[in-house]
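The values are calculated or read from the model by the stated rules, or taken from the named source; none is laboratory data. Not measured: the values here are computed from a predicted model. Cβ: placed from backbone, ideal geometry, glycine included. Neighbour counts: every protein chain shown. Ligands, DNA and RNA are excluded from the accessible area calculation, which covers all protein heavy atoms including side chains. Shrake-Rupley method; radii C 1.70, N 1.55, O 1.52, S 1.80 Å.
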Amino acid sequence: MKLTLIGGGGVRAVLFTQSLTLKAAESGITKLVLLDVDPAQLETIGQLCRVVVARSGVPLDIELSTDPRSALTGADYIVTTIRAGKEASRAEDERIAMQYGLLGQETTGPAGFSMALRTIPVLLDYCRLAREVAPNAWIFNFSNPSGLVTQALRSEGYDRVIGICDTPSHTKLRMAEALGVDPEELYVEFFGLNHLSWIRKAVYRGEDRLEALKNDPDFTSRVGEFAMFDADLLRSLPYLPNEYLYYYYHRERAIANIRNAGQTRGQMIAQNNRAMLEALKEIDIPKQPELALQTYLYYTQKREASYMAIETNAQAKPEVPAEALKLPESLGYAGVMLDFVDALRTGSERTVVLSVPNAGSILGFADDDVVEVSCSIGENGAVPVPIGEVPEAEYLLMRSVKRFERLTAAAVRERSVELAVEALTAHPLVGSYSLAKQLVADYLQAYRPLLGEWK
């Protein structure tokens, strides 16, 4: 079977390929096509991906392509991981938000809104082409802001699009590690929206331990996703929060920490990726594969070590010497996709957290509202677990952000300034018409070559 990775020249494509080699045989995937609009970067990253496959011994054919029609034709699965405007755009998104005293973060608030404006039109073009040349393909969207983008694509009738995110699976693994239990024996149930979700169950050997865990500072301090929150807050909440809720519950801290750091994470990543690619260009990758891989892992480590460190004022993880670094054995976001694929092929049921239509899962949301929720996966696809009614505070926050997502998708579809302003006004991290109006004007001006004229 053929899998096409849109954005295959991105630096994370190497880790995606590594994950694929761990489960390629089970998933039945024999061909990986890396599609990108940047031929030079695609060649560099593609060579590294070939090194990864060669080291694994897995019979996986890799093709590099800058031709969307060829790359998508006959694909069984498509994964989207794009950044229209590249890393520099993330830094610009965050800078514009921060100049108004608002949070600059690529998936949440104004910066996520700006990224969505650029991402949705590009992915709609790919979806139209996929419907023509690969009509039966499942499309897994990992492009941020994942939930909003998935909502926009679903709203345009692309009903084989599923949003994926590795945050829930990583959180579950770290919970299991802190508890000293086998992750396979721990059932963690999520509900909400992408990067705006809560854990409402943590069942181990038939016992739901959530209440005890969220009230245990020793446990929450040992799980990075929870350690950033005040222990008093965790005790007061009905559920354990997704780490991205830090930006809502501790908004002023995040903004102050970014200002004190002197740079946003977008700026750090842009610098890091630029340095990585420059270093890799100096290496003959086919002749020096181990040096190339060590160089890649060194810069990837720097990137991952800074994850949420700036915003939470946490210490970055200590660096390991490049020669001691190894490719991870974890599956990341590729694992979420591969679990879905494996369940489809074998009919063996499993639970995976996905962004899918609500379909009656969460009371008060429309059936076609895309929500992030634990899903039962089988040969017929994803079925959200029944969540039912949720507490008022969590429900109202979800409703506000879902309204923002729907309005943003409509603004992109109609190229409407008025709807865009209404969308940002509705967002809880903006909440001001005058700020929203200025932000929309600034983002449309900054990306006029990409976005064109809006009315």
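Table for the structure above
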{"item": "Residue match in region 21-34 (condition: within 19 Å of the chain's Cα centre (by Cα) and surrounded by 22 or more Cβ atoms within 10 Å (Cβ to Cβ))", "result": "yes"}
{"item": "Members of region 87-99 that are touching a residue at least 60 places away in the same chain (Cβ under 8 Å) and surrounded by fewer than 24 Cβ atoms within 10 Å (Cβ to Cβ)", "result": "Glu87, Ala88, Ser89, Ala91, Glu92, Arg95, Ile96, Met98"}
{"item": "Wholly enclosed helices (runs of 4 or more DSSP H) of region 380-455 bearing at least 3 residues in contact (Cβ under 8 Å) with a residue 12 or more places away in the chain", "result": "392-414, 417-426, 433-446"}
{"item": "Output for region 226-246, where each listed residue is in contact with a helix residue (DSSP H, G or I) (Cβ under 9 Å, 6 or more places away or on another chain) and either over 22 Å from Pro391 (Cα atoms) or open to solvent by 30 Å² or more (accessible area, probe 1.4 Å) (or both)", "result": "Ala227, Met228, Asp230, Ala231, Leu233, Arg235, Pro238, Tyr239"}
{"item": "Residue list for region 377-402, filter: under 29 Å from Gly335 (Cα atoms) and open to solvent by 50 Å² or more (accessible area, probe 1.4 Å)", "result": "Glu379, Asn380, Val383, Pro386"}
{"item": "Leading residue by the ranking (farthest from the chain's Cα centre (by Cα)) among those in region 361-385 that are under 13 Å from Gly192 (Cβ atoms) and charged (D, E, K, R)", "result": "Asp369"}
{"item": "Positions within region 293-336 being of a type in the set (Phe, Trp, Tyr), open to solvent by 20 Å² or more (accessible area, probe 1.4 Å) and within 22 Å of Ser169 (Cβ to Cβ), in sequence order", "result": "Tyr307"}
{"item": "Qualifying residue in region 298-316 (condition: under 21 Å from Ala111 (Cβ atoms) and touching a Lys or Arg at 6+ places or on another chain (Cβ under 6 Å))", "result": "yes"}
{"item": "Test set (1) surrounded by 14 or more Cβ atoms within 10 Å (Cβ to Cβ); (2) touching a residue at least 40 places away in the same chain (Cβ under 8 Å) - Asp339 fails condition number", "result": "(2)"}
{"item": "Residue among Leu129, Leu102, Leu72, Leu117 that alone is in contact (Cβ under 8 Å) with a residue 24 or more places away in the chain and in contact with a strand residue (DSSP E or B) (Cβ under 7 Å, 6 or more places away or on another chain)", "result": "Leu72"}
{"item": "Residue count for region 204-225, restricted to those that are touching a residue at least 40 places away in the same chain (Cβ under 8 Å), part of a helix (DSSP H, G or I) and open to solvent by 20 Å² or more (accessible area, probe 1.4 Å)", "result": "1"}
{"item": "Lone qualifier among Gly266, Gly262 - being within 23 Å of Ser89 (Cα to Cα) and open to solvent by 30 Å² or more (accessible area, probe 1.4 Å)", "result": "Gly262"}
{"item": "Whichever residue in region 173-203 is hydrophobic (A, V, I, L, M, F, W, C), in a helix (DSSP H, G or I) and open to solvent by 30 Å² or more (accessible area, probe 1.4 Å) and, among such residues, is nearest to Leu148 (Cα to Cα)", "result": "Leu173"}
{"item": "Residue check, Leu331 aliphatic (A, V, I, L, M) and modelled with pLDDT of 75 or more", "result": "no"}
{"item": "Glu405 being surrounded by 23 or more Cβ atoms within 10 Å (Cβ to Cβ), closer than 22 Å to Val122 by Cα and not hydrophobic (A, V, I, L, M, F, W, C)", "result": "yes"}
{"item": "Test: residue in region 62-81 that is touching a Ser or Thr at 6+ places or on another chain (Cβ under 7 Å), of a type outside the set (Phe, Trp, Tyr) and open to solvent by 30 Å² or more (accessible area, probe 1.4 Å)", "result": "yes"}
{"item": "Hits in region 283-311 (condition: in contact (Cβ under 8 Å) with a residue 60 or more places away in the chain, under 14 Å from Gly46 (Cα atoms) and out of contact with any Leu (no Cβ under 8 Å at 6 or more places or on another chain))", "result": "Pro286, Pro289"}
{"item": "Tally of residues being part of a helix (DSSP H, G or I), out of contact with any strand residue (DSSP E or B) (no Cβ under 8 Å at 6 or more places or on another chain) and of a type outside the set (Asp, Glu) across region 18-39", "result": "9"}
